[in-house]
1. Once each part is reduced to its C-alpha centroid, what is the distance from the stretch 39-74 to the stretch 11-34 in angstrom?
2. Take the Cβ-Cβ distance between residue 34 and residue 69 as r, set R0 to 35 Å, and report the resulting FRET efficiency rounded to the nearest 0.05.
3. How long is the gain from residue 110 to residue 22 if the chain were fully straight, where each residue apart is worth 0.36 nm and the alpha carbon distance is subtracted?
4. Could you work out how much longer the chain between residue 62 and residue 97 gets when fully extended? Use 0.36 nm per residue separation minus the Cα distance between them, nm to one decimal.
5. Once both labels are modelled 7 Å past Cα along the beta-carbon direction, what's the residue 48-residue 9 spacing in nm?
6. Taking the beta-carbon count within 10 Å as an exposure proxy, list 38, 26 from fewest neighbours to most.
7. Per residue of the chain, what 222 nm ellipticity follows from adding -39500 (n - 2.57) for every DSSP H run with n ≥ 4, rounded to the nearest 500?
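Values quoted throughout were computed directly from the atomic coordinates according to the rules given, and no laboratory measurement underlies them. Remember, predicted model here, so these are calculated numbers, not experimental data. Virtual Cβ from ideal backbone geometry, glycine too; neighbours counted across all protein chains shown.
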Amino acid sequence: METAVDAAVQNNARKVVEVNIEIGEFTFLIPEQLIFNFEIASKNTILEGAKLLIIKKKGRLSCHDCGFEGESEVDPEIPPQIASFSPMKCPSCGSSATEIIGGKEFIITDIRAEVDDA
Ligand SMILES: [Zn+2]
């Protein structure tokens, strides 16, 4: 949120129209929740009325037992509140000796703004 405001101000933006962000699956952030929070937090700021576009990135795991490395999905049966604290299971061998190597991104990729000509 603050990052977006800072970036906009630094670029002499008058009004931000669009903010693109990328979130990894393993952040366990819920897009609808983010949009809701964004709308509240952007009230009376340069971001008010801006559209928040969210791109979801698949999580990536590395397995210490079988050497698997690649995309992984969160087990839909595990509630996110719990999944974020428990190790991910390897999709190849089922081991819990895994390491998250991707999917924790939470970055602003692009901001579109109307710039003051003056
Ligand atoms: Zn494995």
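1. So the two Cα centres are separated by 9 Å.
2. Efficiency, from the Cβ-Cβ distance: 0.75.
3. 30.7 nm
4. Extending this stretch completely gives an extra 11.7 nm.
5. Going from the residue 48 label point to the residue 9 one covers 1.6 nm.
6. Going from sparsest to densest Cβ surroundings: 38, 26.
7. Helix-only estimate at 222 nm: -5500 deg cm²/dmol.
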